[in-house]
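Here's the structure we're looking at; comments come further down.
The values are calculated or read from the model by the stated rules, or taken from the named source; none is laboratory data. Bear in mind that the values here come from a model prediction, so they are computed numbers and not experimental data. Cβ placement follows ideal geometry from the backbone for every residue including glycine, while neighbour counts extend to all protein chains displayed.
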Amino acid sequence: MKIKRLIIDTMYLVMVQCVNYVLPLLLIPYIISKTSISGFGLISIFQSLILLISTVIDYGFNFTATKMVAETECKEERFNILLNVLAVKLFIFFSLLLPLIFYIYLNKYYLYGIISISVIFSNIFLLNWFFQGAGNIAYISKLTVFSKLISIVPCFIFIEKESDLYVFLLSLLSSNIIVCLFSFLKVRKYISIGKISLKMRKYLSDGSYIFLSRLCVTFYTSAVPIVIGATLGNYYAGIYSGIDKVIKGVSSLQNPLVQASYPFIIKNDKLRRIVNFIFIIPSSFFMLFFIFNVLYPSVILNIFKIPIVTESLIVIRIMSFLPILISISGFLGVYNLLAKGKNKYFSICIISGSIISLVGFSLLYNIEDTYLWQYSIVVVFSELIICLLMCFFCWRR
(Lines give C-alpha, C1' and ligand atoms only; values in the text may rest on other atoms or scores of the structure.)
Protein backbone atom coordinates (compact mmCIF):
# COMPACT_ATOMS: atom_id res chain seq x y z
CA MET A 1 0.00 0.00 0.00
CA LYS A 2 2.84 2.36 0.84
CA ILE A 3 4.51 1.57 -2.48
CA LYS A 4 1.29 2.46 -4.32
CA ARG A 5 0.98 5.69 -2.32
CA LEU A 6 4.60 6.53 -3.09
CA ILE A 7 4.03 6.03 -6.84
CA ILE A 8 0.91 8.23 -6.81
CA ASP A 9 2.64 10.99 -4.81
CA THR A 10 5.64 10.82 -7.13
CA MET A 11 3.40 11.32 -10.18
CA TYR A 12 1.77 14.36 -8.61
CA LEU A 13 5.18 15.84 -7.83
CA VAL A 14 6.28 15.16 -11.41
CA MET A 15 3.43 17.47 -12.43
CA VAL A 16 4.72 20.14 -10.05
CA GLN A 17 8.30 19.80 -11.31
CA CYS A 18 7.10 20.11 -14.91
CA VAL A 19 5.34 23.36 -14.04
CA ASN A 20 8.20 24.70 -11.90
CA TYR A 21 10.93 23.99 -14.44
CA VAL A 22 9.41 23.34 -17.87
CA LEU A 23 7.31 26.53 -17.99
CA PRO A 24 10.28 28.75 -17.07
CA LEU A 25 12.29 26.93 -19.74
CA LEU A 26 9.63 27.88 -22.26
CA LEU A 27 9.96 31.48 -21.13
CA ILE A 28 13.73 31.62 -21.70
CA PRO A 29 13.66 31.84 -25.54
CA TYR A 30 10.59 34.09 -25.43
CA ILE A 31 12.10 36.63 -23.02
CA ILE A 32 15.46 36.64 -24.81
CA SER A 33 13.81 37.17 -28.20
CA LYS A 34 11.52 39.96 -26.91
CA THR A 35 14.15 41.76 -24.84
CA SER A 36 17.81 40.66 -24.91
CA ILE A 37 20.19 38.30 -23.17
CA SER A 38 21.10 41.24 -20.90
CA GLY A 39 17.44 41.74 -19.97
CA PHE A 40 17.14 38.07 -19.19
CA GLY A 41 20.29 38.40 -17.09
CA LEU A 42 18.76 41.26 -15.11
CA ILE A 43 15.58 39.35 -14.26
CA SER A 44 17.68 36.28 -13.39
CA ILE A 45 19.63 38.32 -10.85
CA PHE A 46 16.40 39.28 -9.06
CA GLN A 47 15.21 35.68 -9.24
CA SER A 48 18.44 34.61 -7.58
CA LEU A 49 17.99 37.27 -4.91
CA ILE A 50 14.47 35.99 -4.17
CA LEU A 51 15.70 32.41 -3.94
CA LEU A 52 18.67 33.30 -1.75
CA ILE A 53 16.64 35.31 0.79
CA SER A 54 13.79 32.79 0.71
CA THR A 55 16.25 30.01 1.52
CA VAL A 56 17.49 31.95 4.54
CA ILE A 57 13.89 32.48 5.72
CA ASP A 58 12.89 28.88 5.03
CA TYR A 59 15.56 27.76 7.52
CA GLY A 60 15.54 24.16 6.28
CA PHE A 61 11.94 23.57 7.40
CA ASN A 62 11.19 21.79 4.12
CA PHE A 63 13.02 18.86 5.73
CA THR A 64 12.91 19.35 9.51
CA ALA A 65 9.28 20.55 9.81
CA THR A 66 8.10 18.02 7.24
CA LYS A 67 9.62 15.30 9.40
CA MET A 68 7.89 16.69 12.53
CA VAL A 69 4.48 16.74 10.84
CA ALA A 70 4.97 13.23 9.43
CA GLU A 71 5.88 11.81 12.85
CA THR A 72 2.69 12.95 14.63
CA GLU A 73 -1.03 12.48 14.04
CA CYS A 74 -2.03 14.88 16.83
CA LYS A 75 -3.79 17.90 15.35
CA GLU A 76 -2.84 20.14 18.27
CA GLU A 77 0.84 19.26 17.85
CA ARG A 78 0.60 19.95 14.12
CA PHE A 79 -0.99 23.32 14.89
CA ASN A 80 1.95 24.24 17.11
CA ILE A 81 4.43 23.06 14.48
CA LEU A 82 2.73 25.31 11.91
CA LEU A 83 2.64 28.23 14.32
CA ASN A 84 6.30 27.94 15.33
CA VAL A 85 7.51 27.59 11.74
CA LEU A 86 5.60 30.68 10.61
CA ALA A 87 6.82 32.63 13.66
CA VAL A 88 10.46 31.78 12.95
CA LYS A 89 10.10 32.65 9.26
CA LEU A 90 8.50 36.02 10.03
CA PHE A 91 11.22 36.78 12.57
CA ILE A 92 13.96 36.09 10.02
CA PHE A 93 12.15 38.09 7.30
CA PHE A 94 11.88 41.27 9.37
CA SER A 95 15.49 40.83 10.52
CA LEU A 96 16.61 40.89 6.88
CA LEU A 97 14.21 43.55 5.62
CA LEU A 98 16.41 46.64 6.14
CA PRO A 99 19.56 45.13 4.51
CA LEU A 100 17.38 43.95 1.63
CA ILE A 101 15.88 47.43 1.12
CA PHE A 102 19.37 48.94 1.24
CA TYR A 103 20.62 46.51 -1.44
CA ILE A 104 17.71 47.39 -3.72
CA TYR A 105 18.30 51.11 -3.10
CA LEU A 106 21.92 50.75 -4.25
CA ASN A 107 20.87 48.92 -7.43
CA LYS A 108 18.17 51.52 -8.24
CA TYR A 109 15.71 48.98 -9.68
CA TYR A 110 13.01 50.05 -7.25
CA LEU A 111 9.95 48.50 -8.92
CA TYR A 112 11.71 45.14 -9.34
CA GLY A 113 12.88 45.38 -5.74
CA ILE A 114 9.43 46.06 -4.26
CA ILE A 115 7.88 43.16 -6.16
CA SER A 116 10.79 40.89 -5.18
CA ILE A 117 10.30 41.72 -1.48
CA SER A 118 6.58 40.94 -1.87
CA VAL A 119 7.40 37.56 -3.44
CA ILE A 120 9.81 36.76 -0.60
CA PHE A 121 7.16 37.68 1.99
CA SER A 122 4.52 35.52 0.30
CA ASN A 123 6.94 32.56 0.24
CA ILE A 124 6.74 32.49 4.04
CA PHE A 125 3.12 31.31 3.89
CA LEU A 126 3.57 28.54 1.34
CA LEU A 127 2.60 25.34 3.17
CA ASN A 128 3.98 22.71 0.78
CA TRP A 129 6.14 21.31 3.59
CA PHE A 130 3.10 20.86 5.85
CA PHE A 131 0.98 19.01 3.29
CA GLN A 132 3.94 16.85 2.34
CA GLY A 133 4.38 15.79 5.97
CA ALA A 134 0.63 15.32 6.45
CA GLY A 135 0.55 13.00 3.44
CA ASN A 136 -1.63 15.14 1.16
CA ILE A 137 0.80 15.81 -1.66
CA ALA A 138 -2.02 15.51 -4.21
CA TYR A 139 -3.83 18.65 -3.04
CA ILE A 140 -0.83 20.96 -2.89
CA SER A 141 0.45 19.58 -6.20
CA LYS A 142 -2.80 20.27 -8.05
CA LEU A 143 -3.01 23.72 -6.49
CA THR A 144 0.58 24.58 -7.46
CA VAL A 145 0.10 23.42 -11.04
CA PHE A 146 -3.12 25.41 -11.41
CA SER A 147 -1.63 28.61 -9.96
CA LYS A 148 1.51 28.42 -12.09
CA LEU A 149 -0.43 27.83 -15.30
CA ILE A 150 -2.72 30.77 -14.61
CA SER A 151 0.04 33.16 -13.58
CA ILE A 152 2.45 32.40 -16.44
CA VAL A 153 0.00 33.50 -19.17
CA PRO A 154 0.51 37.28 -18.63
CA CYS A 155 4.24 36.86 -19.33
CA PHE A 156 3.53 35.78 -22.89
CA ILE A 157 0.92 38.50 -23.35
CA PHE A 158 2.50 41.59 -21.78
CA ILE A 159 6.29 41.17 -22.06
CA GLU A 160 7.21 42.91 -25.31
CA LYS A 161 10.30 44.90 -24.30
CA GLU A 162 12.88 45.07 -21.53
CA SER A 163 10.86 47.55 -19.44
CA ASP A 164 8.04 44.97 -19.23
CA LEU A 165 10.13 42.40 -17.35
CA TYR A 166 8.51 43.33 -14.02
CA VAL A 167 5.51 41.30 -15.27
CA PHE A 168 7.56 38.15 -14.75
CA LEU A 169 8.06 38.97 -11.08
CA LEU A 170 4.37 39.82 -10.74
CA SER A 171 3.52 36.36 -12.10
CA LEU A 172 5.59 34.79 -9.29
CA LEU A 173 3.73 36.90 -6.73
CA SER A 174 0.27 36.10 -8.09
CA SER A 175 1.05 32.37 -8.11
CA ASN A 176 2.13 32.49 -4.46
CA ILE A 177 -0.99 34.40 -3.41
CA ILE A 178 -3.29 31.80 -5.02
CA VAL A 179 -1.46 28.89 -3.36
CA CYS A 180 -1.37 30.61 0.05
CA LEU A 181 -5.09 31.43 0.10
CA PHE A 182 -6.26 27.92 -0.78
CA SER A 183 -3.62 26.27 1.42
CA PHE A 184 -4.86 28.02 4.55
CA LEU A 185 -8.44 27.05 3.72
CA LYS A 186 -7.41 23.39 3.48
CA VAL A 187 -4.94 23.25 6.37
CA ARG A 188 -7.76 23.58 8.92
CA LYS A 189 -8.56 19.92 8.28
CA TYR A 190 -5.18 18.85 9.70
CA ILE A 191 -4.92 21.08 12.76
CA SER A 192 -6.84 21.74 15.92
CA ILE A 193 -6.31 24.99 17.79
CA GLY A 194 -5.28 24.17 21.33
CA LYS A 195 -2.77 25.43 23.82
CA ILE A 196 -0.23 27.63 22.05
CA SER A 197 3.35 26.59 22.71
CA LEU A 198 5.90 28.85 21.06
CA LYS A 199 9.37 27.28 21.04
CA MET A 200 11.15 29.45 18.50
CA ARG A 201 14.56 28.95 20.09
CA LYS A 202 14.18 25.16 19.89
CA TYR A 203 13.10 25.31 16.25
CA LEU A 204 16.03 27.57 15.41
CA SER A 205 18.38 25.15 17.16
CA ASP A 206 16.92 21.97 15.62
CA GLY A 207 17.01 23.36 12.10
CA SER A 208 20.45 24.98 12.29
CA TYR A 209 22.40 22.23 10.51
CA ILE A 210 19.88 21.92 7.67
CA PHE A 211 19.63 25.71 7.43
CA LEU A 212 23.38 26.14 7.00
CA SER A 213 23.54 23.39 4.40
CA ARG A 214 20.57 24.71 2.37
CA LEU A 215 21.92 28.25 2.51
CA CYS A 216 25.30 27.06 1.31
CA VAL A 217 23.73 25.09 -1.55
CA THR A 218 21.75 28.13 -2.63
CA PHE A 219 24.79 30.37 -2.45
CA TYR A 220 27.09 28.31 -4.66
CA THR A 221 24.33 27.53 -7.18
CA SER A 222 21.49 30.04 -7.37
CA ALA A 223 23.40 33.11 -6.15
CA VAL A 224 26.01 32.74 -8.90
CA PRO A 225 24.13 35.07 -11.36
CA ILE A 226 24.35 37.85 -8.75
CA VAL A 227 28.13 37.40 -8.54
CA ILE A 228 28.51 37.17 -12.32
CA GLY A 229 26.31 40.24 -12.82
CA ALA A 230 28.53 42.22 -10.44
CA THR A 231 31.77 41.13 -12.13
CA LEU A 232 31.02 40.42 -15.80
CA GLY A 233 27.70 42.23 -16.33
CA ASN A 234 24.10 41.32 -17.19
CA TYR A 235 25.03 39.85 -20.60
CA TYR A 236 27.13 37.05 -19.13
CA ALA A 237 24.72 36.67 -16.21
CA GLY A 238 22.04 36.00 -18.83
CA ILE A 239 24.13 33.36 -20.61
CA TYR A 240 24.97 31.59 -17.36
CA SER A 241 21.38 31.78 -16.06
CA GLY A 242 19.93 30.38 -19.29
CA ILE A 243 22.26 27.37 -19.20
CA ASP A 244 21.81 26.99 -15.43
CA LYS A 245 18.00 26.84 -15.72
CA VAL A 246 18.27 24.08 -18.34
CA ILE A 247 20.64 22.11 -16.11
CA LYS A 248 18.38 22.57 -13.08
CA GLY A 249 15.36 21.53 -15.12
CA VAL A 250 17.08 18.26 -15.98
CA SER A 251 18.38 17.75 -12.43
CA SER A 252 14.90 18.28 -11.01
CA LEU A 253 13.65 15.07 -12.64
CA GLN A 254 14.66 13.17 -9.51
CA ASN A 255 13.04 15.63 -7.08
CA PRO A 256 9.51 14.12 -7.18
CA LEU A 257 10.87 10.76 -6.03
CA VAL A 258 12.89 12.41 -3.25
CA GLN A 259 10.01 14.57 -1.98
CA ALA A 260 7.36 11.86 -2.22
CA SER A 261 9.41 9.13 -0.55
CA TYR A 262 11.05 11.18 2.22
CA PRO A 263 8.11 11.04 4.73
CA PHE A 264 7.89 7.25 4.23
CA ILE A 265 11.56 6.25 4.38
CA ILE A 266 11.95 8.00 7.73
CA LYS A 267 10.11 5.06 9.30
CA ASN A 268 10.66 2.29 6.74
CA ASP A 269 14.13 0.85 6.05
CA LYS A 270 12.76 -1.67 3.53
CA LEU A 271 11.23 1.09 1.41
CA ARG A 272 14.52 3.00 1.59
CA ARG A 273 16.36 0.07 0.01
CA ILE A 274 13.78 -0.12 -2.81
CA VAL A 275 14.07 3.60 -3.54
CA ASN A 276 17.88 3.31 -3.50
CA PHE A 277 17.66 0.85 -6.37
CA ILE A 278 15.21 3.02 -8.35
CA PHE A 279 17.73 5.90 -8.32
CA ILE A 280 19.76 4.07 -10.95
CA ILE A 281 17.22 5.22 -13.58
CA PRO A 282 17.63 9.03 -13.29
CA SER A 283 21.40 8.66 -12.86
CA SER A 284 21.63 6.75 -16.17
CA PHE A 285 19.59 9.44 -17.93
CA PHE A 286 21.83 12.18 -16.54
CA MET A 287 24.89 10.39 -17.91
CA LEU A 288 23.35 10.31 -21.40
CA PHE A 289 22.48 14.00 -21.09
CA PHE A 290 26.10 14.79 -20.20
CA ILE A 291 27.51 12.82 -23.15
CA PHE A 292 25.07 14.46 -25.60
CA ASN A 293 25.98 18.01 -24.52
CA VAL A 294 29.69 17.31 -24.65
CA LEU A 295 29.31 16.15 -28.26
CA TYR A 296 26.58 18.58 -29.41
CA PRO A 297 26.58 21.63 -27.11
CA SER A 298 25.01 24.01 -29.64
CA VAL A 299 21.72 22.07 -29.81
CA ILE A 300 20.50 23.18 -26.36
CA LEU A 301 21.80 26.71 -26.93
CA ASN A 302 19.86 26.99 -30.19
CA ILE A 303 16.63 25.70 -28.67
CA PHE A 304 16.68 28.29 -25.88
CA LYS A 305 18.09 31.12 -28.02
CA ILE A 306 21.17 31.46 -25.83
CA PRO A 307 23.98 33.17 -27.79
CA ILE A 308 26.36 30.61 -29.27
CA VAL A 309 29.75 31.99 -28.36
CA THR A 310 32.93 30.35 -27.11
CA GLU A 311 31.99 31.00 -23.47
CA SER A 312 28.52 29.44 -23.72
CA LEU A 313 29.82 26.36 -25.56
CA ILE A 314 32.39 25.71 -22.85
CA VAL A 315 29.99 26.42 -19.96
CA ILE A 316 27.26 24.04 -21.12
CA ARG A 317 29.80 21.24 -21.56
CA ILE A 318 31.12 21.75 -18.04
CA MET A 319 27.76 22.19 -16.30
CA SER A 320 26.16 19.16 -17.98
CA PHE A 321 28.09 17.04 -15.48
CA LEU A 322 26.16 18.64 -12.58
CA PRO A 323 22.97 16.50 -12.79
CA ILE A 324 25.04 13.35 -12.26
CA LEU A 325 26.72 14.76 -9.15
CA ILE A 326 23.47 16.25 -7.81
CA SER A 327 21.70 12.91 -8.26
CA ILE A 328 24.36 11.02 -6.32
CA SER A 329 24.73 13.58 -3.54
CA GLY A 330 20.94 13.97 -3.24
CA PHE A 331 20.46 10.23 -2.95
CA LEU A 332 23.23 9.85 -0.38
CA GLY A 333 22.35 12.98 1.57
CA VAL A 334 18.57 12.62 1.87
CA TYR A 335 18.20 8.83 2.14
CA ASN A 336 21.37 7.87 3.95
CA LEU A 337 22.13 10.90 6.12
CA LEU A 338 19.05 13.08 6.72
CA ALA A 339 16.57 10.19 6.96
CA LYS A 340 18.80 8.55 9.59
CA GLY A 341 19.12 11.74 11.62
CA LYS A 342 22.74 12.44 10.61
CA ASN A 343 22.08 16.13 9.97
CA LYS A 344 25.51 17.14 11.23
CA TYR A 345 27.37 15.06 8.63
CA PHE A 346 25.04 16.32 5.91
CA SER A 347 25.82 19.91 6.87
CA ILE A 348 29.57 19.26 6.97
CA CYS A 349 29.44 18.07 3.36
CA ILE A 350 27.44 21.05 2.11
CA ILE A 351 29.35 23.66 4.08
CA SER A 352 32.67 22.25 2.85
CA GLY A 353 31.52 22.57 -0.76
CA SER A 354 30.26 26.10 -0.19
CA ILE A 355 33.55 27.18 1.40
CA ILE A 356 35.37 25.95 -1.71
CA SER A 357 32.95 27.87 -3.94
CA LEU A 358 33.28 31.01 -1.79
CA VAL A 359 37.08 30.85 -2.05
CA GLY A 360 36.82 30.25 -5.81
CA PHE A 361 34.44 33.16 -6.40
CA SER A 362 36.58 35.44 -4.23
CA LEU A 363 39.66 34.60 -6.27
CA LEU A 364 37.81 35.22 -9.53
CA TYR A 365 36.42 38.52 -8.22
CA ASN A 366 39.94 39.78 -7.52
CA ILE A 367 41.43 38.63 -10.83
CA GLU A 368 41.38 41.32 -13.50
CA ASP A 369 40.62 39.08 -16.49
CA THR A 370 38.04 36.42 -15.67
CA TYR A 371 35.91 34.25 -17.93
CA LEU A 372 32.41 32.80 -17.53
CA TRP A 373 33.59 29.19 -17.79
CA GLN A 374 35.77 29.67 -14.71
CA TYR A 375 32.65 30.25 -12.58
CA SER A 376 31.09 27.04 -13.89
CA ILE A 377 34.28 25.14 -13.00
CA VAL A 378 33.99 26.39 -9.40
CA VAL A 379 30.33 25.29 -9.17
CA VAL A 380 30.99 21.78 -10.56
CA PHE A 381 34.11 21.28 -8.43
CA SER A 382 32.18 22.32 -5.28
CA GLU A 383 29.44 19.79 -6.05
CA LEU A 384 32.08 17.10 -6.65
CA ILE A 385 33.58 17.72 -3.20
CA ILE A 386 30.12 17.45 -1.63
CA CYS A 387 29.48 14.18 -3.44
CA LEU A 388 32.80 12.66 -2.34
CA LEU A 389 32.30 13.71 1.29
CA MET A 390 28.82 12.19 1.35
CA CYS A 391 30.22 8.94 -0.01
CA PHE A 392 32.80 9.00 2.77
CA PHE A 393 30.26 9.56 5.57
CA CYS A 394 27.81 6.97 4.20
CA TRP A 395 30.43 4.22 3.83
CA ARG A 396 31.99 5.15 7.15
CA ARG A 397 28.75 4.19 8.93
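Checking Phe63, Phe94 one by one, the residue that is at pLDDT 85 or above and either closer than 20 Å to Leu185 by Cβ or of a type in the set (Phe, Trp, Tyr) (or both) is Phe94 and no other.
Rundown of residues vs (1) out of contact with any Gly (no Cβ under 9 Å at 6 or more places or on another chain); (2) at pLDDT 85 or above; (3) closer than 30 Å to Tyr190 by Cβ; (4) of a type in the set (A, V, I, L, M, F, W, C), yes/no style:
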residue	(1), (2), (3), (4)
Phe131	yes, no, yes, yes
Asn136	yes, no, yes, no
Thr144	yes, no, yes, no
Ser151	yes, no, yes, no
Phe156	yes, yes, no, yes
Asp164	yes, yes, no, no
Ser171	yes, yes, yes, no
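Per this entry, Val380 is counted among residues that are of a type outside the set (Asp, Glu), surrounded by fewer than 22 Cβ atoms within 10 Å (Cβ to Cβ), within 23 Å of Phe289 (Cα to Cα) and under 20 Å from the mean Cα position of the chain (by Cα). State all residues of segment 181-227 that are under 17 Å from the mean Cα position of the chain (by Cα) and at pLDDT 75 or above; if no residue qualifies, say none. Within segment 181-227, Ala223, Val224, Pro225, Ile226 meet the criteria.
Checking each residue in segment 180-199 for being in contact (Cβ under 8 Å) with a residue 12 or more places away in the chain, surrounded by fewer than 13 Cβ atoms within 10 Å (Cβ to Cβ) and not small (Gly, Ala, Ser) picks out Phe184, Ile193, Lys195, Ile196, Leu198. One residue stands out among those in segment 113-147 that are more than 17 Å from the chain's Cα centre (by Cα) and outside any helix (DSSP H, G or I): the one that is surrounded by the most Cβ atoms within 10 Å (Cβ to Cβ), which is Asn136. A single entry from Ile350, Ile326, Ile316, Ile306 fulfils the requirement of being crowded, with 21+ Cβ neighbours inside 10 Å, touching a helix residue (DSSP H, G or I) at 6+ places or on another chain (Cβ under 9 Å) and outside any helix (DSSP H, G or I): Ile306. What about Tyr59, is it buried (at least 22 other Cβ atoms within 10 Å of the Cβ) and of a type in the set (Ser, Thr, Tyr)? For Tyr59, the condition - buried (at least 22 other Cβ atoms within 10 Å of the Cβ) and of a type in the set (Ser, Thr, Tyr) - is met. Taken together, Phe285, Phe279 contain a single residue that is modelled with pLDDT under 70 and surrounded by fewer than 20 Cβ atoms within 10 Å (Cβ to Cβ), which is Phe279. The one condition from (1) modelled with pLDDT of 85 or more; (2) surrounded by fewer than 18 Cβ atoms within 10 Å (Cβ to Cβ); (3) not basic (Lys, Arg) that Asp369 does not meet is (1). Phe331 fulfils the conditions (1) under 30 Å from Gly41 (Cα atoms); (2) in contact (Cβ under 8 Å) with a residue 12 or more places away in the chain except for a single criterion, (1). Can you spot a residue in segment 230-249 that is at pLDDT below 70, of a type in the set (Val, Ile, Thr) and part of a helix (DSSP H, G or I)? No, segment 230-249 contains no residue that is at pLDDT below 70, of a type in the set (Val, Ile, Thr) and part of a helix (DSSP H, G or I).
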